[in-house]
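What follows draws every value from the coordinates through simple rules; no lab data is involved. Computed from a predicted model, the values in this text were never measured in an experiment. Neighbour counts are summed over all protein chains in view; Cβ atoms, including those assigned to glycine, are modelled from backbone coordinates with ideal geometry.
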Amino acid sequence: MRKYTLINIRACVLALISLLSVTIHSQERRAGGFDITRGLETFADIYRQIDMYYVDTISADTALRWAIDGMLMEVDPFTNFIPISQQDEFRASTSGRYAGIGAMIRAMKDTKRVVISEPYQDCPAARAGVKAGDIILSIDGKDVEGWKVEKVSENLRGEPGTKFELKVERPGTRKPLSFKLVRENIKLPAVTWYDIIEPETGLGYIYLSQVTDDCAREVRKAVTDLKAKGMKSLLLDLRDNPGGAISQAVEIVGMFVPKGSLVVSTKGKLPSTCYDYLTPDEPIDTLMPLHVLVNGNSASAAEIISGAWQDLDRATIWGRRTYGKGLVQAVRDVPYRGKLKITTARYYIPSGRCIQAYDYRHRSADGAATHLPDSLTREFHTRNGRTVRDGGGILPDSLIELDTIPTMVTDLYYSDQFFDYVTDYVKTRPSIATPDLFSLSDEEYEAFADAIAATDFKYNGRSATMFSGVRQMARAEGLMDAETRALADSLEARLKHKDVHSDLMRHRQYIQPYLEEEITNRYYHESGSMQLHIRNDKEVRTVKDKLQYTKN
């Protein structure tokens with residue numbers, strides 16, 4: 001954690017008390033001023049006594065950051081203090097821009113090193129020849145062994161135009177490789193792939209990963225390109241889109257509804273937080289059928305797009321219920337060049353509903369935010385009179401249920417062994433088929449299963465672990481008689497996993513698509529893996545099939 005320059009504990013206390021006195025005087029004019037004064041004075045005294053009497057020395061930075069984080073944690077998960085050391089990362093997450101080499105990195109669980117997991121297309125790392133699987137040894141002569149991912153990332157980023165040497169170990173090579181890299185301004189695309197995915201019906205597809213600054217321009221270009229290729233209807237994929245800028249969401253909505261349409265209203269405590277957002281430009285097309293895919297990770301501005309189109313009866317929403325984030329944040333300055341991202345308003349989409357699902361002011365006994373039950377939601381109506389409800393996110397017009405993915409598949413996907421296998425696969429194959437044609441043969445998948453089974457890959461048998469706990473509890477409660485013990489032994493034996501190879505073959509239908517996408521990413525980057533992913537995607541396939549059925 002970054003230390004504030006030239007501030008010791010006592011100076012922090014004096015500054016805090018000074019700040020409190022200003023706050024107290026401003027708050028005393030309001031009802032409850034005495035309670036505020038009492039609480040702040042108590043806090044300052046507790047802080048002073050911890051400094052003087054606590055058995056261990058606690059730095060001012062640490063204690064005050066605990067206090068800040070503890071207070072904000074009780075407010076809501078979207079209100080955060082951002083110290084100067086974290087602001088580059090924050091700006092990158094909201095804008096999609098940063099200065100660096102253009103590569104994703106990850107920690108290797110079985111080593112003390114960080115590895116390149118994906119060099120982005122047409123960025124400095126990829127142009128220099130850095131590859132996924134390269135293990136980072138040093139950055140500008142500094143050995144990075146034992147460094148966390150965050151520290152490595154911080155050292156890879158820097159001012160545009162600055163040069164440094166990156167030394168890596170590449171599996172299969174005898175000597176380390178060195179690259180002379182120049183940091184550049186990196187802009188990650190929000191639209192990662194688009195194309196006509198159903199030529200017979202002219203169904204276009206756009207994947208929007210996040211509602212970052214200027215993403216509306218990317219969506220507009222994709223729509224224009226697809227219309228030129230004969231698009232007759234559009235599927236906008238907002239699954240796993242965490243949201244972002246309201247203004248960009250409004251522009252995207254406005255591409256398909258008349259200029260001046262109300263998209264969203266914000267309402268907060270101050271007049272400056274109350275605002276109606278209207279579509280600013282003439283639309284591209286107000287008649288073309290629109291379809292939107294969402295899931296439980298579609299949030300915030302992604303919910304504004306899908307919710308506004310639903311309320312305006314402009315699109316059919318497919319998938320699963322969205323996250324339910326109906327809160328708006330603003331970024332404000334705080335002393336010592338810090339930033340405070342703070343919730344300032346709730347937003348309301350055209351029908352007048354707020355889709356906020358969680359109540360952070362009334363928590364359950366364990367401290368968790370309560371979820372608004374469906375029975376307490378209220379009815380609203382779309383432009384054509386259809387019933388929609390507030391609270392609980394956006395409920396799709398057409399629900400799509402997904403298969404439950406075995407936990408082993410997730411454990412495998414994030415394992416070092418899976419990553420290393422793909423690195424070895426790529427090392428021996430200079431090229432593969434294009435994403436629309438690539439697939440693994442039976443022999444290749446069998447070789448993959450053999451290779452993983454020969455490693456020390458382990459996965460968590462969660463059902464067996466949970467059953468063991470139930471069994472211990474039953475024994476402690478005196479319920480484990482001979483008959484129950486025999487049943488428990490039989491069930492426990494069934495829950496125990498077979499050997500790794502057998503499980504890999506048994507779950508092939510789930511594992512092989514992930515493996516093919518990871519391999520394709522190494523050759524064709526994210527756009528290539530997205531193209532292959534859409535080919536296997538059950539939800540996209542469901543939309544295509546239902547639209548084809550409707551057309552026929």
Aspartates and glutamates whose Cα lies under 12 Å from that of K259, excluding same-chain neighbours fewer than 8 positions away: E251, D281, E282, D285
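Could the peptides 49-61, 246-258 be put in order, highest first, of the mean number of other beta-carbon atoms found within 10 Å of their residues? It would help to have the intermediate numbers written out before the result.
Details: 49-61: 11.5, 246-258: 22.0.
Per-residue Cβ counts within 10 Å, averaged per peptide and sorted highest first, yield 246-258, 49-61.
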Hypothetical label at D374: residues of segment 329-359 whose amide nitrogen lies under 20 Å (7 Å Cα-Cβ projection): 353-359
Residues with amide H under 5 Å from that of A103, placed H, sequence gap 5 or more: Y120
Filter on K142/K180; K131/K175; K109/K163 - keep pairs with C-alpha separation over 19 Å: K109/K163
Identified option (computed P(r) over Cα pairs in 10 Å bins from 0, in percent; candidates (1) 3, 15, 23, 23, 19, 12, 4, 1, 0; (2) 3, 13, 20, 24, 22, 13, 4, 0; (3) 3, 15, 21, 18, 12, 10, 9, 7, 3, 1, 0, 0, 0): (2)
Charge sum, other residues only, whose C-beta stays under 11 Å from E401's C-beta, Lys/Arg counted +1 and Asp/Glu -1: 0
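For the chain, what is the percent of antiparallel DSSP beta bridges, rounded to the nearest 5? Could the numbers behind the result be given before it?
Working: 53 of 70 bridges.
Bridges in the chain are about 75 percent antiparallel.
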Global form of segment 181-282, assessed from the alpha-carbon gyration tensor, a/c cut-off 1.5: oblate
Summed side-chain charge close to L177 - residues other than L177 whose Cβ falls under 13 Å, Lys, Arg +1, Asp, Glu -1: +3
Whole-Å distance, taken between Cα centres, linking segment 128-156 and segment 283-317: 41 Å
Residue exposure sequence - Y336, Y510 - by fewest surrounding Cβ within 10 Å: Y336, Y510
Percent RCO, i.e. relative contact order, over the chain, from Cα pairs under 8 Å lying at least 6 residues apart: 10 percent
Estimated inter-spin distance, V75 and K187, nm [label 7 Å along Cα→Cβ]: 3.2 nm
Per-residue Cβ neighbour rank within 10 angstrom, fewest leading, E282, E526: E282, E526
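Mind checking which helices in the chain clear 27 Å along their axis (Cα) and have mean Kyte-Doolittle hydropathy of -1.0 or more, DSSP H runs only? Write out the running numbers ahead of the final one.
On the way: long enough: 33-53 (30 Å, -0.22).
Within the chain the helices that satisfy the rule are 33-53.
With 27 Å as the limit, write out which pairs from K148/K187; K187/K269; K148/K339; K167/K339 have Cα-Cα distances beyond it, or answer none. All intermediate terms of the calculation are to be shown ahead of the outcome.
Details: K148/K187 24 Å; K187/K269 35 Å; K148/K339 24 Å; K167/K339 35 Å.
Cα-Cα > 27 Å for K187/K269; K167/K339; rest within.
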Segment 203-263 and segment 407-422: distance between their alpha carbon centers, rounded to Å: 34 Å
Hits among lysines - C-alpha to C-alpha of K544 under 17 Å, sequence gap 8 or more where chains match: K232
Fully extended contour minus Cα-Cα distance, from Y54 to K227, at 0.36 nm per residue: 55.4 nm
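Using a cut-off of 14 Å between beta-carbons, work out the net charge of the residues near L479 (Lys and Arg +1, Asp and Glu -1, L479 not included).
Details: positive: R471, R475, R485; negative: E477, D481, E483.
Computed value for this residue: 0.
Using 1/(1 + (r/R0)^6) with R0 = 45 angstrom and r between the beta carbons of R65 and N460, what's the FRET efficiency to the nearest 0.05? All intermediate terms of the calculation are to be shown ahead of the outcome.
Values: r = 33 Å, r/R0 = 0.73.
The computed FRET efficiency comes out at 0.85.
At 0.36 nm per residue, minus the direct Cα-Cα distance, what do V149 and R337 gain on full extension? Give it in nm, one decimal, please.
Values: separation 188, 0.36 × 188 = 67.68 nm, distance 2.45 nm.
Result for the pair: 65.2 nm of gain on full extension.
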Nitroxide proxy distance, nm - points 7 Å out along Cα→Cβ at L177 and R217: 3.3 nm
Anchor K546: aspartates and glutamates whose Cα lies under 20 Å away (excluding residues fewer than 8 positions away in-chain): D195, E198, E200, D237, D313, D397, E401, D403, D537
